[in-house]
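Student: Below is the structure I would like to discuss, written out as structure tokens.
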Amino acid sequence: MRSRRSSRDSTPSTQAEDGDDSDQPTLAASERQLAVAVTAQPSLLQSNKSDGNVKKGTGFVPSNEKGVWSRSSSSTGSIAKAATTATATATVIPTTLGKELEEGKEAATTTTTTNKGSKTIRNTTKSTTTTRNTAEQESRLNKEKMEDSRNYRPRSRLRSSWACSIWTLVVTAMSAFALWTIVQSFRERQCDAKGCRMSHMSPIYLKAKDFDTEHTRFASKYNLYLYRENGVDEDYPPKGVPVLFIPGNAGSYRQVRPIAAEAARHFRNVIATDETLAKAGTRNLDFFTVDFNEDITAFHGQTVLDQAEYLNEAVAYILSLYHDSRKSTMDSDLPDPSSVIIFGHSMGGIVARTMLIMPNYRSKSINTIITMSAPHSRPPVSFDRQIVKTYDDINNYWSRSFSEKWANNNPLWHTTLVSIAGGGLDNVVPSDYASISSLVPDTHGFTVYTSTIPDVWLGADHLAILWCDQLMKVVARAMLDIIDVKRAEQTAPRQERMRILKKWFLTGLEEGTQKTLSDTKPTTLLTLGADSQNITSQGQRLVLRHLGESQKPRAYLMPIPPSPGAKFTLMTDQTLSGRNGKLEVLFCSVWPLQAGQSAALFSMNMDLSGDSTGSTRLACKSAADDVIRLPASTKDSKHSFDARTPFSYLEYKFEDLVDENRVNRFEFVAVVDKTTQKNDGWVIAEFSTKDSQIRSDIGLWGLLSDGVHVTLPADRSVVQDINIPSIHSSLFAYKLKVGQQQCSGRQLFTPLVRQYLADPHESKFFVNAKEADVNLHGTAPFLPPALRPNSRRGLSLQIWSDPTCNSPIDISVEIDFMGSLGRPANRYRMALAAFPLLIVALVIRQQFVDYNNLGRFISFAEGMDLFVSRSLPYVLGSLSLIAFTLSFANSEASSFPSSPLEKRSDDHPSTAQNMQFAKNDMLVGLQDPFFWFLAPLCATIAIGIVVALNYIVLVILNAGCAVSMGVDKLLGRGPEKRGGAVTPTFSSSSPRRRIIVTGFLLLFVATIVPYQFAYLVACIIQLLTCIRALKFAKENSASTSSPAWDFYNYSHSVLVIMLWILPINLPVLVVWHHNLAVHWLTPFSSHHNLLSIMPFILLVETATTGNMIPRVVTRSKHITNLLLIAIAAYSAMYGVTYAYRLHHLVNILAAWFVVIHFSQTRPTMARVVEILTAEEAEEGGVGAVVGKKRVL
């Protein structure tokens, strides 16, 4: 067999082997003995006392073994030749070096050997005798080493750990450029305008001191307050309708101020002065708010459950306050309240839904929930197992309840839920997560964006959504409008509640919007004379460019055509407020005055006949309740939320104007101009039979290459609707361009564009539209499918334009590539925690493959180089293939890959099959094959992040090493040479001390501290171990391929993978620290699992002794590969949605490393007793790094 050179080419080890020194010469004895031992007894450098009894077939090779054979150095001279002759009759044993001697060492060894030849020969004879006695052991070891040498490929000397290959540099540069481009696009492009005005308030907080430990066990941690607006509603006890505000993650109870102040002021200024509203059951709102001491609920599921338990007890206490207060007032005949209204922000909305599944929930004590920027569909961060489980529990409960066939079996039948989202300005929680389409049917709730809400028409960030004055005004009025104190529930029935909430929060342009025109009786008697009316011919458009031209009230009548396809539209810049406005729209039928009939049947008699002898009487209904407010669009308009009088718009389909027999209820539409002076007000009204719907069937590829181009004809109707089904993804952004109209006369208004989605209810208005940024919250990553998908798919554009200009308008929608780059930023933030672990696991796998096969543990940087050059193309190809394959998977739950946490319900199998909450949990969370590239893109960006972190760790380690060496130099504790040996850089504590410290740490984890705290301690200890290992390697080894550097590289890699798991554990640690700060010492029941931390502690403690992990040369080495591949695969597939499991997977890997460490010297009871009873061991050191074995 041909000898091969060792993979290490640096100086040999200078530390003594463990074992019996009398039987085995040490390398620290002298340079003379080193030369003779190398020549005559190579086996002594390859084994030690501890592994001298290794059984045949063992798979774990000591850390200083290379498994590679090489010839003796020629520098040993004549003495080496004499030693070889003396052992010629014995079995020829190939000589080896643990690594080549440096040239200086070789020269020194030759000189020493020549000067003291006789003594060396005697030592050689003794070594030969020892060799014969251990020949059988050497033969066995030689066989293993020769097998390893067949796979050995000589490597050049390792470069610095700071160096990287050109391919790694290129990939890192690409990653940095992609990440920078995404961040810049996210920050600078497709950003919605900000326009919220600050609310005004004057708060008073009354603490509920009686709500103490007799009512709740959380009384020492949380507090309940009643809000009062100074100078408006200072009365106590409360007599209105209770509303409970729940703050969000790290939120304050003071955030209730804007909504409570607005509700109090509106009630005093408007409702309290209207006796009709008081008789209808409207009362003031009593806002209660909870001080959670800024609890962090987004990261900790147990905190969510604790808050929900406390709030249920708070609800019971709040309701008890009204039993006596109403009986002592004029409202004694009213029923006692049995429910409260919940108003929750962010995670407070999740806590509100959790209240309904808690054991202490009082049935029907909550029937209305309004949430602001609450992530209903999925947790914003999946670092905690309990938060993921809590989401699963509440979502399963809500979806299962609404899947019941009979209302009596649905505990949520009387509950309504409205989720209000802020839109693109919310960078804390993606607004896609606010959707409740997968949880609640539209009969019980809906999702709406602030840009949709009338008179708001703007986006809001995560905090501004609570103090935005425009929004608070609408929400306060809506809450007051649903009040009915004559019912014990304090609110209107569910169906009426939903109608009112939709009226306030939706535009009124949504499909299926209920019109009030058909539900009311005629209330106005309109009497017209010959000179006070104008009748347009059927099909003719009514255009009034000026109001008040006749200097007196005048009615314009438009006959209603019998055509089933006709649609009535009216648009004006005037406020259609009914009787008191300057303009009123009535739907009328001829009312002949007959005997016995009286005009007193009508609440209003509008006589415009004047002195005319002939008159026409019409029985009319006002359309004021169906008026849709639109943002004003003029030549001076800039934003939809500008402080201008909004436009009024009416739209009725033929079905809205006929009865159940499809017979017209009305004959005329009367537009009554009450203005007596001429002004610039205008009105456009028409019955259109033309199809105003335009559908673009362009595909995604056509959209990307050319865009959508539509030309609106000159003879168009007032409003046109363009539907583009291919535009539905929230990961794309677009540019909208509207051509300019050519008007010969006065242009009544400039084009007004509304972009909208049918589900969720997201609308955006663009006034004076010329160019606009179009982005939407449609199909988003990781969201469950809708409970009842809407038939209208994709983005729609509703365009109002002045038809009197009689000129065409060109509309184009093109993709904004640069703006689209930033769209994934807010939706794939969790990928920055998951995908880097994929890269780290595969790099460490490459390190262990080389170590187990070649005996050298390469640095993390070199492992990254090998991964990039060898494995990266296969990894990117595999991710692309998997993403592409998953996109074509069958949508049925039976064939779709299920999540590891997906629950199956035996009692409700239909729910488990239809809801499929975990359907989009895998990889990039989408089923669109177009986005296959997102998986390899995330992996590529992760490479740059991992490389950056590696260099940051290197900077920290080298800085720590430099500080340590500087301190030693100042104190005179530098390396001390004794007989060629170097004193240890650091000393490890005795085994007994380590066992005691580890035992106490585990005891604290089991009783007081969460295991995340122990993990943080383990990371710090591993960091210090790496610094000391680096210091020793620098002081005692000139080559980067020595055993000292092997141990440092191994420790460094363990530190890197632990650091990537640290962010998963830090949030819970922050919650624990916060609880200590508020003197809440109750332990976390879900974070005291010893098995979750013990392998990490044992691994880190083993590293502090300087023990290098043994090589594995049998099939067991595949276990290491499989574990690391499993971590990488899980990180990519489920790391985003179930990140908390990454800790447990790496924990299993740590346990396997511990098994490898203890594979050679298995601990026995006798050894444990010896460790516990022995005195403290002499100070050892990281000399074990270079070959010393310790028995634990």
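Here, each number is a calculation from the coordinates, and none is a lab measurement. Note that the coordinates shown come from a computational prediction; the quantities given were computed from them, not determined experimentally. Here the Cβ is made from the backbone with ideal geometry for all residues, glycine too, and neighbour counts use every protein chain on show.
Student: For the range 203-505, just say rounded, prolate or oblate: build the C-alpha gyration tensor, square-root its eigenvalues into a ≥ b ≥ c, call rounded for a/c under 1.5, and beyond that prolate if a/b exceeds b/c, oblate if not.
Tutor: Cα axes put the range 203-505 in the rounded bin.
Student: Given 0.36 nm per residue, what is the gain on full extension from MET604 to SER563 after removing their alpha carbon distance, in nm?
Tutor: Length difference between fully extended and current span is 11.7 nm.
Student: Report, by chain and number, residues whose modeled amide H sits under 5 Å from the one on ALA825, excluding near sequence neighbours (fewer than 5 apart, same chain).
Tutor: none
Student: Follow-up question, since we're still on this one. Taking the number of other C-beta atoms within 10 Å as the exposure measure, put HIS1144, HIS300, HIS1079 in order starting with the fewest.
Tutor: Ranking HIS1144, HIS300, HIS1079 by Cβ neighbours within 10 Å, fewest first, gives HIS1079, HIS1144, HIS300.
Student: Describe numerically, in nm with one decimal, the distance between label points set 7 Å from Cα along Cα→Cβ at MET174 and at HIS1073.
Tutor: With each label point 7 Å from Cα toward Cβ, the separation is 3.9 nm.
Student: Further, regarding this structure: Would you work out the relative contact order for the range 517-688, in percent, from Cα pairs under 8 angstrom that are 6 or more residues apart?
Tutor: Once normalised by length, the contact order is 46 percent.
Student: With an 8 Å Cα cut-off and a minimum separation of 6 or more residues, compute the relative contact order for the range 756-856 in percent.
Tutor: 26
Student: Then there is this: Find the lysine pairs in the range 517-688 meeting two conditions, Cα atoms under 14 Å apart and a separation of 8 or more places or different chains, and report how many there are.
Tutor: 7
Student: How many lysine pairs are close in the range 203-505, with Cα atoms under 19 Å apart and the two 8 or more places apart or on different chains?
Tutor: Lysine pairs meeting both conditions in the range 203-505 amount to 13.
Student: Quick one: what are the phi-derived ³J(HN,Hα) couplings along the range 255-272, Karplus 6.51/-1.76/1.60 with θ = phi - 60°, whole Hz, x for glycine and proline?
Tutor: 5, 6, 4, x, 5, 5, 5, 5, 5, 5, 5, 5, 5, 5, 7, 10, 6, 5
Student: Using Cα-Cα distances under 8 Å and only pairs 6 or more residues apart, what relative contact order does the range 203-505 have, in percent?
Tutor: 19
Student: Most exposed first by the Cβ proxy, i.e. fewest other Cβ within 10 Å, how do THR520, THR1104, THR276 rank?
Tutor: Fewest-to-most ranking of THR520, THR1104, THR276: THR276, THR520, THR1104.
Student: What are the ³J(HN,Hα) couplings of the range 705-719, residue after residue, when phi is run through the Karplus curve with 6.51, -1.76, 1.60 and θ = phi - 60°? Round to Hz, x for glycine and proline.
Tutor: Once rounded to whole Hz, the list reads 7, 10, x, 10, 10, 10, 10, 7, x, 5, 9, 7, 7, 4, 10.
Student: Continuing with the same structure: Extending each Cα 7 Å along its Cβ direction at ALA163 and SER537, get the distance between those two points in nm, one decimal.
Tutor: 9.2
Student: Around VAL719, which amide H atoms from residues at least 5 apart in sequence, or from another chain, sit under 5 Å from its own amide H, with H modelled in the peptide plane?
Tutor: For VAL719, whose amide H was placed from the backbone, there are no distant partners under 5 Å.
Student: What's the extension gain from ILE1125 to ALA193 if we count 0.36 nm per residue and subtract their Cα-Cα distance?
Tutor: 330.9 nm
Student: Here is a follow-up. Test of understanding: what is the full-extension gain from GLU1035 to LYS364, defined as 0.36 nm times their sequence separation minus their Cα-Cα distance?
Tutor: So the extension gain works out to 234.2 nm.
Student: Here's another thing I want to ask about it. Taking 35 Å as R0, compute the FRET efficiency from the Cβ-Cβ separation of LEU949 and SER705 and round it to 0.05.
Tutor: Plugging the Cβ-Cβ distance into 1/(1 + (r/R0)^6) gives 0.35.
Student: Long-range amide H contacts for VAL1113: which residues qualify at under 5 Å (H placed 1.01 Å from N, peptide plane, sequence gap of 5 or more or a different chain)?
Tutor: Counting only residues 5 or more places away or on other chains, the set is PHE60, VAL61.
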